[in-house]
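All remarks here apply to the structure that follows.
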Amino acid sequence: MRNPIPRVAAIHDLAGFARTSLTAAIPILSSMGIQATPLPTAILSTQTVGYNDFTLLDLTDDMVRILDHWERLGLRFDGVYSGFMASTAQMDSAARCLRNCLAPGGLAVVDPVLGDDGKLIPTMTPEMVAKMRWLITCADLITPNFTEVCLLLDEPYSPEADLPTLKGWLRRLAENGPKTVVATSVPLADGQASRKPECTSVLAYGRDEDRCWSGDCSFMPAYYPGTGDVCASVLTGSLLQGDSLAIALDRAVQFVTLGIRATFGQGLPNREGILLERILDTLRAPLGSYTCRLVD
């Protein structure tokens, strides 16, 4: 029987003080009319960026028991959406959830959380990178940031990559399995980076159409952890609502940009993330403009 409310199994960590991972995915998906069912990978005291003494409880064994129960119940989800992993074994559990709990025709999303700014995040290892290269082959959609694109392809990190290079990299990732690759925090993808240093882009590649879309994000002089989780969550919700890739990309880019604008200048530590609670209601409103464009 079809679920009257779409369900998503959200395989992420739960950070106690943060607006990242499950504390971002659950309210975003709920605001979009989607039931988010958490399969937690770890419990942290805070998110990992900007904190040196956070605690981490690894739930690798618990994930197996949770999936055992879900499978006995015969649960099926319209989407399975994974993010932060605390061990390579957890990626096996994520693949198991995709294989056994995703409804026919459902959406498989992998956010390959590995690093940023050209380096791995503190809990990641080269073994985790290698295993993630396998996990993304199970996905319909992956949402790496620019650093993670480089890590997944074993390419040297450089923010100077031009558009043909970027498109080639996304095609290579799509050849590994995912039909859609959405890369965040990439250099401005229209050949104008030298004249528009105030912008970054989100670049989306659809393998079936062999087509790229770009959405530009105006620069604000601040960095907020969790914006990648926010972007991936909105993309997932939008696609499950039946939106096209272009509309989903527009919605995600505009929501993240609004969140940054709502937060900047409030005097809060950047490590606390964007003021998500201020803008959740906008997810129920129609888009006011359409800014994403096709790129050659």
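The values are calculated or read from the model by the stated rules, or taken from the named source; none is laboratory data. This structure is a prediction, so every number in the text was calculated from the model and none was measured. Every residue, glycine among them, receives a Cβ derived from its backbone with ideal geometry; neighbour counts consider all protein chains shown. The protein model used for the area step is the full one, side chains on, heavy atoms only, and it has no ligands, DNA or RNA in it. Shrake-Rupley method; radii C 1.70, N 1.55, O 1.52, S 1.80 Å.
Check off (1) surrounded by fewer than 21 Cβ atoms within 10 Å (Cβ to Cβ); (2) within 21 Å of G50 (Cα to Cα); (3) touching a residue at least 24 places away in the same chain (Cβ under 8 Å); (4) not hydrophobic (A, V, I, L, M, F, W, C) for P144 and give me the number that stays unchecked. For P144, the failing item is (1).
Flag set for R211, criterion: modelled with pLDDT of 90 or more and not aromatic (F, W, Y). For the range 147-174, the set of residues classified as open to solvent by 20 Å² or more (accessible area, probe 1.4 Å) and under 14 Å from R207 (Cα atoms) consists of K167, G168, W169, R171, R172, listed by residue number. For the range 77-85, indicate whether the set of residues that are modelled with pLDDT of 95 or more and open to solvent by 30 Å² or more (accessible area, probe 1.4 Å) is non-empty. Yes, some residue in the range 77-85 is modelled with pLDDT of 95 or more and open to solvent by 30 Å² or more (accessible area, probe 1.4 Å). So, in the range 19-47, how many residues would count as being open to solvent by less than 20 Å² (accessible area, probe 1.4 Å) and part of a loop (DSSP other than H, G, I, E, B)? Residues meeting the conditions: 6. So I247 fits all but one of (1) in contact (Cβ under 8 Å) with a residue 60 or more places away in the chain; (2) within 30 Å of A103 (Cβ to Cβ); what number is the exception? It fails just one condition, (1).
Would you confirm, using the coordinates I've provided, whether D53 is under 18 Å from the mean Cα position of the chain (by Cα), open to solvent by 40 Å² or more (accessible area, probe 1.4 Å) and modelled with pLDDT under 95? Criteria not met by D53. Among the residues of the range 214-244, those identified as at pLDDT below 95, surrounded by 19 or more Cβ atoms within 10 Å (Cβ to Cβ) and within 18 Å of Y290 (Cβ to Cβ) are S214, G215, D216, C217. Entry remark, the range 255-287: residues being closer than 28 Å to L166 by Cβ, open to solvent by 50 Å² or more (accessible area, probe 1.4 Å) and of a type outside the set (A, V, I, L, M, F, W, C) number 2 in total.
Select from the range 64-73 the residues that are over 25 Å from the mean Cα position of the chain (by Cα) and either open to solvent by less than 40 Å² (accessible area, probe 1.4 Å) or in contact (Cβ under 8 Å) with a residue 12 or more places away in the chain (or both) and list them in ascending order.
Hit for the range 64-73 is E71, nothing else.
Looking for something among the aromatic types (F, W, Y) and closer than 28 Å to T37 by Cβ - is there at least one such residue anywhere in the range 271-294? No, every residue in the range 271-294 fails to be among the aromatic types (F, W, Y) and closer than 28 Å to T37 by Cβ. Of the set (1) in contact with a strand residue (DSSP E or B) (Cβ under 6 Å, 6 or more places away or on another chain); (2) modelled with pLDDT of 95 or more; (3) open to solvent by 20 Å² or more (accessible area, probe 1.4 Å), all apply to V109 but (3).
The set of residues in the range 1-18 that are assigned to a loop (DSSP other than H, G, I, E, B), free of Cβ contacts under 8 Å to residues at least 60 places away in the same chain and either touching a Lys or Arg at 6+ places or on another chain (Cβ under 8 Å) or open to solvent by less than 60 Å² (accessible area, probe 1.4 Å) (or both) is empty.
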